[in-house]
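Participant: Starting off with a structure, shown below.
The values are calculated or read from the model by the stated rules, or taken from the named source; none is laboratory data. Everything quoted here is computed from the prediction, not taken from an experiment. Heads up, the Cβs are rebuilt from the backbone with ideal geometry, glycines too, and the neighbour counts pull from every protein chain shown.
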Amino acid sequence: MSRHHILVTGGAGFIGSHLVDRLLHEGHRVVVIDNGSTGSLENLAGVRDDPRLEVIHTRVSQCPRLDTLVREASFVFHLAAAVGVELVVQSPVGTIHNNLAESEVILRAAAEARTPVLFTSTSEVYGKSQREVFTENDDLIIGPPHLGRWSYACSKLMDEFLAMAYAKEHGLEVTIVRLFNTVGPRQTGRYGMVLPRFIEAARSHRPVRVYGSGQQTRCFCLVHDTVEALVRLMRLPAARGEVFNVGNDEEVSIHHLAERVILELQSSSSIELVPYEKAYVPGFEDMLRRRPSVAKLERATGFRPRTTLSEIIRWTAGLPTAKA
């Protein structure tokens, strides 16, 4: 059987488009399936005329050629999913349905075709855990079902269980990656993504709105580092059947992130604290910390994200960087 391309679902999205760029640069043929719900063909503007790229504008579950495309693929990256806290809170039914239904279709097709899959999950699955550093074997603590904020975490966690079930029962070669706040060029603040939202406000010298107390901490990973990890894991047969955190472990409070953005952009913006119930819905819950252990990733691939926060902010804002 001829396997002559790599299939990327969600390939017109923020992370997916950077992955497509990388795969084409390495000489691969790439097929993208993307319905444009949160992605944009503009993200692929730099490569859309490349004869090695085919873009199919549809949902994964509605693609009539899906079985053939998966069967003829040497590898599948499944990135298609609902993204962003605001979208999740506003549309919990769509979030659950999209994440479960679309993933099941791709996992089933890959299992039947015996095509390896890398499934992108999320740090959200760690839920309400109070651990200082999250490792891949930690218990996962999800909030109650009447708070829609947890629907995304629960649906992605169910996808992980489904992927592992296909691996056990049908021999699917699947690698699960839990992404921690990937940021960078092409990311939009439209669905509540914090760094581009801060940059947009600072660039316009408007108040930078920090939700909650601002003392909650996160770790931000440059998209190019995320893509490097994904590609290395694709090449690693030993990664099949495993779960990997992918993220930067440099921790920063959201209030300090706002201060750094204002500094890097030389903005006159002030910082405005906004209660969660005003930003989202009453009863919204957030985690105080979310820092990954990337030791497993480094042991397996020899790589860990190391781009500094200052460089990450400048990359995302389109400012000159040392790496550019």
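Participant: Under 7 Å by Cβ, and 6 or more places apart or on different chains, what pairs join a residue from the range 174-200 that is over 30 Å from E112 (Cβ atoms) with one that is among the acidic types (D, E)?
Facilitator: Here the result reads G189/E200; Y191/E86; G192/E86, each pair linking the range 174-200 to a residue that is among the acidic types (D, E).
Participant: Among the candidates L297, L288, L236, single out the residue that is touching a residue at least 24 places away in the same chain (Cβ under 8 Å) and either more than 25 Å from S121 (Cα to Cα) or crowded, with 21+ Cβ neighbours inside 10 Å (or both). Working first, answer last.
Facilitator: On the way: L288 fails: either more than 25 Å from S121 (Cα to Cα) or crowded, with 21+ Cβ neighbours inside 10 Å (or both); L236 fails: either more than 25 Å from S121 (Cα to Cα) or crowded, with 21+ Cβ neighbours inside 10 Å (or both).
The conditions single out L297.
Here is a yes/no grid of residues against (1) of a type outside the set (D, E, K, R); (2) surrounded by fewer than 21 Cβ atoms within 10 Å (Cβ to Cβ); (3) touching a Phe, Trp or Tyr at 6+ places or on another chain (Cβ under 7 Å):
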position	(1), (2), (3)
T182	yes, no, no
Q187	yes, no, yes
R190	no, yes, no
R209	no, yes, no
C221	yes, no, yes
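Participant: Okay, next question. Just to be sure before I move on: is R59 among the basic types (K, R) and modelled with pLDDT of 95 or more in the structure I sent? Give the steps one after another, and end with the answer.
Facilitator: Working: among the basic types (K, R): yes; modelled with pLDDT of 95 or more: no.
No, not satisfied.
Participant: I've got another one for you. Got a number for residues in the range 238-270 being under 19 Å from the mean Cα position of the chain (by Cα) and of a type in the set (S, T, N, Q)?
Facilitator: 2
Participant: A further question follows. Of (1) assigned to a helix (DSSP H, G or I); (2) in contact with a strand residue (DSSP E or B) (Cβ under 8 Å, 6 or more places away or on another chain); (3) over 22 Å from N99 (Cα atoms), S213 satisfies all except one. Which?
Facilitator: It fails just one condition, (1).
Participant: Still on this model: Would you mention how many residues in the range 1-60 are assigned to a helix (DSSP H, G or I), among the acidic types (D, E) and under 17 Å from the mean Cα position of the chain (by Cα)? Let's see the steps before the verdict.
Facilitator: We begin by selecting, within the range 1-60, every residue assigned to a helix (DSSP H, G or I); these are 14-25, 41-44, 60.
Remaining after also requiring among the acidic types (D, E): 21, 42.
So of that shortlist, the ones also under 17 Å from the mean Cα position of the chain (by Cα) come out as 21.
Residues flagged as assigned to a helix (DSSP H, G or I), among the acidic types (D, E) and under 17 Å from the mean Cα position of the chain (by Cα) within the range 1-60 amount to 1.
Participant: Consider only pairs whose beta carbons are under 8 Å apart and that are at least six residues apart or on different chains; among these, list those whose first residue lies in the range 109-130 and is on the phi > 0 side of the Ramachandran plot and whose second residue is of a type in the set (A, V, I, L, M, F, W, C) and part of a helix (DSSP H, G or I).
Facilitator: Every condition considered, the pairs that remain are G127/W150; G127/A153.
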